[in-house]
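The values are calculated or read from the model by the stated rules, or taken from the named source; none is laboratory data. Everything numeric in this text was worked out from a predicted model, so none of it was measured. FYI the Cβ positions are ideal-geometry reconstructions off the backbone, even for glycines, and counts take in every protein chain you see. Heavy atoms of the whole protein, side chains included, go into the accessibility calculation; ligands, DNA and RNA do not. Shrake-Rupley method; radii C 1.70, N 1.55, O 1.52, S 1.80 Å.
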Amino acid sequence: KAGVTQTPRYLIKTRGQQVTLSCSPISGHRSVSWYQQTPGQGLQFLFEYFSETQRNKGNFPGRFSGRQFSNSRSEMNVSTLELGDSALYLCASSLEQGAWNGYTFGSGTRLTVV
Amino acid sequence: AQRVTQPEKLLSVFKGAPVELKCNYSYSGSPELFWYVQYSRQRLQLLLRHISRESIKGFTADLNKGETSFHLKKPFAQEEDSAMYYCALRVIQGAQKLVFGQGTRLTINP
(Lines give C-alpha, C1' and ligand atoms only; values in the text may rest on other atoms or scores of the structure.)
Protein backbone atom coordinates (compact mmCIF):
# COMPACT_ATOMS: atom_id res chain seq x y z
CA LYS A 1 0.00 0.00 0.00
CA ALA A 2 1.09 3.58 -0.53
CA GLY A 3 3.17 5.17 2.21
CA VAL A 4 2.88 8.62 3.72
CA THR A 5 3.03 11.19 0.93
CA GLN A 6 4.20 14.72 1.47
CA THR A 7 4.05 17.53 -1.05
CA PRO A 8 5.89 19.46 -2.19
CA ARG A 9 9.32 17.89 -1.64
CA TYR A 10 11.16 21.20 -1.78
CA LEU A 11 10.15 24.80 -1.21
CA ILE A 12 12.01 28.08 -1.25
CA LYS A 13 10.24 31.02 0.31
CA THR A 14 11.13 34.56 1.26
CA ARG A 15 11.02 35.93 4.80
CA GLY A 16 7.59 37.18 5.67
CA GLN A 17 5.75 34.91 3.28
CA GLN A 18 3.52 32.05 4.30
CA VAL A 19 3.64 28.42 3.26
CA THR A 20 1.32 25.41 3.28
CA LEU A 21 2.59 21.84 3.36
CA SER A 22 0.47 18.80 2.64
CA CYS A 23 0.46 15.25 3.97
CA SER A 24 -1.54 12.21 2.89
CA PRO A 25 -1.35 9.42 5.49
CA ILE A 26 -1.39 5.71 4.85
CA SER A 27 -4.87 4.54 3.99
CA GLY A 28 -6.72 3.72 7.19
CA HIS A 29 -4.43 5.77 9.41
CA ARG A 30 -6.40 8.47 11.18
CA SER A 31 -3.66 9.95 13.33
CA VAL A 32 -1.31 12.42 11.67
CA SER A 33 1.58 14.15 13.37
CA TRP A 34 4.06 16.75 12.21
CA TYR A 35 7.70 17.14 13.21
CA GLN A 36 10.35 19.71 12.40
CA GLN A 37 13.87 18.39 11.80
CA THR A 38 16.87 20.71 11.95
CA PRO A 39 20.59 20.00 12.43
CA GLY A 40 20.66 22.02 15.64
CA GLN A 41 17.42 21.00 17.36
CA GLY A 42 16.91 17.54 15.90
CA LEU A 43 13.35 16.28 15.66
CA GLN A 44 10.81 18.50 17.38
CA PHE A 45 7.11 17.70 17.73
CA LEU A 46 4.78 20.24 16.13
CA PHE A 47 1.26 18.85 16.45
CA GLU A 48 -0.94 15.78 16.22
CA TYR A 49 -4.34 15.43 14.62
CA PHE A 50 -6.96 12.74 14.91
CA SER A 51 -10.41 12.79 13.34
CA GLU A 52 -9.99 16.41 12.26
CA THR A 53 -9.13 17.53 15.81
CA GLN A 54 -5.82 18.80 17.06
CA ARG A 55 -5.05 16.63 20.08
CA ASN A 56 -1.61 17.87 20.95
CA LYS A 57 0.63 20.80 20.14
CA GLY A 58 4.34 21.26 20.61
CA ASN A 59 6.19 24.30 21.81
CA PHE A 60 6.07 26.35 18.64
CA PRO A 61 4.77 29.89 18.09
CA GLY A 62 1.26 30.53 16.84
CA ARG A 63 2.63 31.14 13.34
CA PHE A 64 2.62 27.36 13.02
CA SER A 65 -0.83 25.90 12.50
CA GLY A 66 -2.40 22.90 10.93
CA ARG A 67 -5.58 21.10 10.16
CA GLN A 68 -6.88 17.69 9.21
CA PHE A 69 -9.60 16.91 6.73
CA SER A 70 -12.31 14.25 6.84
CA ASN A 71 -10.21 11.94 4.64
CA SER A 72 -7.38 12.22 7.22
CA ARG A 73 -5.18 14.29 4.92
CA SER A 74 -3.45 17.06 6.80
CA GLU A 75 -1.93 20.42 6.06
CA MET A 76 0.35 22.59 8.08
CA ASN A 77 0.77 26.30 7.58
CA VAL A 78 3.55 28.62 8.62
CA SER A 79 2.87 32.32 8.39
CA THR A 80 5.29 35.23 8.44
CA LEU A 81 8.23 32.99 7.68
CA GLU A 82 11.53 33.54 9.45
CA LEU A 83 14.99 32.35 8.46
CA GLY A 84 14.94 29.97 11.41
CA ASP A 85 11.94 28.14 9.97
CA SER A 86 14.22 26.56 7.38
CA ALA A 87 13.98 22.85 8.12
CA LEU A 88 12.79 19.47 6.97
CA TYR A 89 9.14 19.08 7.94
CA LEU A 90 8.10 15.49 8.48
CA CYS A 91 4.62 14.08 8.58
CA ALA A 92 3.88 10.77 10.25
CA SER A 93 0.77 8.67 10.45
CA SER A 94 -0.30 5.82 12.68
CA LEU A 95 -3.14 3.46 13.42
CA GLU A 96 -5.13 4.04 16.54
CA GLN A 97 -6.71 0.65 16.93
CA GLY A 98 -4.99 -2.13 18.82
CA ALA A 99 -1.34 -2.10 19.83
CA TRP A 100 0.41 1.02 18.63
CA ASN A 101 3.00 0.15 16.03
CA GLY A 102 4.72 3.48 15.93
CA TYR A 103 4.70 6.11 13.27
CA THR A 104 5.29 5.74 9.55
CA PHE A 105 7.05 8.83 8.29
CA GLY A 106 6.90 10.57 4.97
CA SER A 107 9.96 11.74 3.06
CA GLY A 108 9.42 15.28 4.24
CA THR A 109 9.20 18.73 2.76
CA ARG A 110 12.43 20.68 2.82
CA LEU A 111 11.64 24.33 3.38
CA THR A 112 14.29 26.96 2.77
CA VAL A 113 13.56 30.52 3.84
CA VAL A 114 15.74 33.18 2.24
CA ALA B 1 9.77 16.29 32.09
CA GLN B 2 10.28 13.73 29.39
CA ARG B 3 13.68 13.55 27.76
CA VAL B 4 15.72 11.21 25.58
CA THR B 5 19.50 11.42 25.59
CA GLN B 6 21.83 9.90 23.06
CA PRO B 7 25.27 10.78 24.37
CA GLU B 8 27.19 10.02 21.18
CA LYS B 9 26.64 12.28 18.19
CA LEU B 10 29.08 10.25 16.12
CA LEU B 11 30.12 6.63 16.38
CA SER B 12 32.58 4.91 14.10
CA VAL B 13 33.38 1.19 14.17
CA PHE B 14 34.98 -1.30 11.83
CA LYS B 15 33.01 -3.84 9.85
CA GLY B 16 32.56 -7.01 11.87
CA ALA B 17 32.99 -5.24 15.22
CA PRO B 18 30.20 -5.04 17.79
CA VAL B 19 28.09 -1.90 17.90
CA GLU B 20 26.27 -0.30 20.81
CA LEU B 21 24.33 2.94 20.47
CA LYS B 22 23.38 4.37 23.81
CA CYS B 23 20.01 5.80 24.75
CA ASN B 24 18.82 7.01 28.14
CA TYR B 25 15.42 8.39 28.93
CA SER B 26 13.59 10.33 31.59
CA TYR B 27 9.85 9.78 31.94
CA SER B 28 7.50 9.56 34.90
CA GLY B 29 5.05 7.26 33.14
CA SER B 30 5.40 3.73 31.80
CA PRO B 31 8.03 4.02 29.03
CA GLU B 32 7.46 2.87 25.49
CA LEU B 33 10.63 3.16 23.45
CA PHE B 34 11.58 2.92 19.82
CA TRP B 35 14.63 3.05 17.61
CA TYR B 36 14.28 4.78 14.24
CA VAL B 37 16.88 4.75 11.49
CA GLN B 38 17.48 7.17 8.64
CA TYR B 39 19.70 5.92 5.83
CA SER B 40 21.25 8.45 3.48
CA ARG B 41 18.58 10.11 1.33
CA GLN B 42 15.85 7.89 2.74
CA ARG B 43 12.95 8.54 5.04
CA LEU B 44 12.97 7.94 8.77
CA GLN B 45 11.87 4.37 9.39
CA LEU B 46 11.06 2.31 12.43
CA LEU B 47 13.77 -0.18 13.36
CA LEU B 48 12.70 -1.60 16.72
CA ARG B 49 10.02 -1.33 19.36
CA HIS B 50 10.83 -2.45 22.88
CA ILE B 51 7.38 -4.00 23.27
CA SER B 52 7.92 -6.46 20.44
CA ARG B 53 11.35 -7.63 21.68
CA GLU B 54 12.28 -8.51 18.13
CA SER B 55 15.58 -8.48 16.26
CA ILE B 56 15.65 -6.50 13.04
CA LYS B 57 18.68 -6.58 10.72
CA GLY B 58 20.62 -8.18 13.58
CA PHE B 59 19.89 -5.29 15.96
CA THR B 60 18.40 -5.80 19.41
CA ALA B 61 17.52 -3.43 22.21
CA ASP B 62 16.49 -4.18 25.76
CA LEU B 63 14.63 -1.80 28.00
CA ASN B 64 16.36 -1.44 31.36
CA LYS B 65 13.98 0.43 33.64
CA GLY B 66 16.46 0.48 36.51
CA GLU B 67 19.05 2.29 34.43
CA THR B 68 16.40 4.05 32.30
CA SER B 69 18.21 2.89 29.20
CA PHE B 70 17.34 1.39 25.84
CA HIS B 71 20.66 0.75 24.15
CA LEU B 72 20.78 -0.59 20.59
CA LYS B 73 23.20 -3.42 19.93
CA LYS B 74 24.49 -5.49 17.07
CA PRO B 75 27.21 -8.12 17.47
CA PHE B 76 28.78 -7.75 14.01
CA ALA B 77 28.46 -4.43 12.19
CA GLN B 78 27.99 -4.31 8.43
CA GLU B 79 28.74 -1.45 6.07
CA GLU B 80 25.06 -1.06 5.23
CA ASP B 81 24.38 -0.22 8.88
CA SER B 82 25.90 3.22 8.34
CA ALA B 83 23.05 5.64 9.05
CA MET B 84 21.57 8.08 11.52
CA TYR B 85 19.90 6.38 14.47
CA TYR B 86 17.28 8.02 16.70
CA CYS B 87 15.97 6.75 20.00
CA ALA B 88 12.40 7.86 20.71
CA LEU B 89 10.05 7.80 23.69
CA ARG B 90 6.30 7.67 23.26
CA VAL B 91 4.69 10.16 25.62
CA ILE B 92 0.99 9.83 26.33
CA GLN B 93 -0.62 12.74 28.13
CA GLY B 94 -4.15 12.67 26.80
CA ALA B 95 -2.80 12.76 23.28
CA GLN B 96 0.49 11.24 22.20
CA LYS B 97 3.79 12.29 20.73
CA LEU B 98 7.28 10.94 20.23
CA VAL B 99 10.18 12.62 21.97
CA PHE B 100 13.37 11.99 20.04
CA GLY B 101 16.98 11.97 21.08
CA GLN B 102 19.45 14.06 19.10
CA GLY B 103 20.54 11.06 17.10
CA THR B 104 23.77 9.16 16.61
CA ARG B 105 25.47 9.01 13.24
CA LEU B 106 26.92 5.53 12.89
CA THR B 107 29.69 4.97 10.37
CA ILE B 108 30.92 1.47 9.62
CA ASN B 109 34.44 1.45 8.22
CA PRO B 110 35.48 -1.32 5.81
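Summary table
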item	result
Whole-Å semi-axes of chain A's equivalent ellipsoid (Cα gyration tensor)	24, 14, 13
3J(HN,Hα) from dihedral phi, the range B:60-68, Karplus parametrisation 6.51/-1.76/1.60, rounded to Hz, x for glycine, proline	9, 8, 10, 7, 10, 5, x, 9, 6
Residues with amide H under 5 Å from that of B:Leu47, placed H, sequence gap 5 or more	B:Trp35, B:Tyr36, B:Val37
Low-density loop cleavage sites - chymotrypsin sites (Phe, Trp or Tyr not before Pro) in the range A:16-114, where at most 14 other Cβ are within 10 Å (DSSP)	A:Phe69
Convex hull of the protein assembly as shown built on C-alpha atoms - directionally averaged projected area, nm²	12.5
Where labels lie 7 Å past Cα in the beta-carbon direction, separation of A:Arg9 and A:Ser22 in nm	1.6
Shielding by other protein chains, B:43-50, mean Cβ within 10 Å	5
Cβ-based charge dipole, the protein assembly as shown, positive-most Cα from B:Asn109, B:Tyr36, A:Gln17	A:Gln17
Within chain A, percent of DSSP bridges classed antiparallel, to nearest 5	90
Neighbourhood charge, 13 Å Cβ-Cβ cut-off, centred on B:Ser55 and excluding it, Lys, Arg +1 and Asp, Glu -1	+3
The range B:1-35: trypsin sites (Lys or Arg not before Pro) in DSSP coil with no more than 14 other Cβ atoms inside 10 Å	B:Lys9, B:Lys15
Neighbour cut-off at most 10 other Cβ (10 Å), DSSP loop, trypsin sites (Lys or Arg not before Pro), the range B:38-110	B:Arg41, B:Lys65
Charge dipole magnitude, Cβ of K and R +1, D and E -1 - the range B:38-99, Cα centre, debye nearest 20	260
Proximal charge balance of A:Leu11 [Cβ under 15 Å; K/R count +1, D/E count -1]	+1
Average beta carbon contacts from partner chains per residue of A:34-42, 10 Å cutoff	2
Solvent-accessible surface (1.4 angstrom probe) belonging to B:Val13, in square angstrom, nearest 10	20
Eligible aspartates and glutamates near B:Lys97 by straight Cα distance, threshold 15 Å, same-chain separation 8 or greater	A:Glu48, A:Glu96, B:Glu32
Net charge over other residues, Cβ less than 13 angstrom from the Cβ of A:Gly108 (K, R count +1; D, E count -1)	+4
Unit charges on C-beta of K, R, D, E only; dipole of chain B, Debye	240
At 0.890 mPa s and 25 °C, Stokes diffusion of chain B via Kirkwood alpha-carbon radius, µm² per second	174
Whole-number percent relative contact order across chain A, with pairs defined as alpha carbons under 8 Å at least 6 apart	36
Carbon + sulfur, % of accessible area of chain A - ligands and nucleic acids excluded, 1.4 Å	47
The range A:51-100: mean projected area of Cα convex hull, nm²	4.5
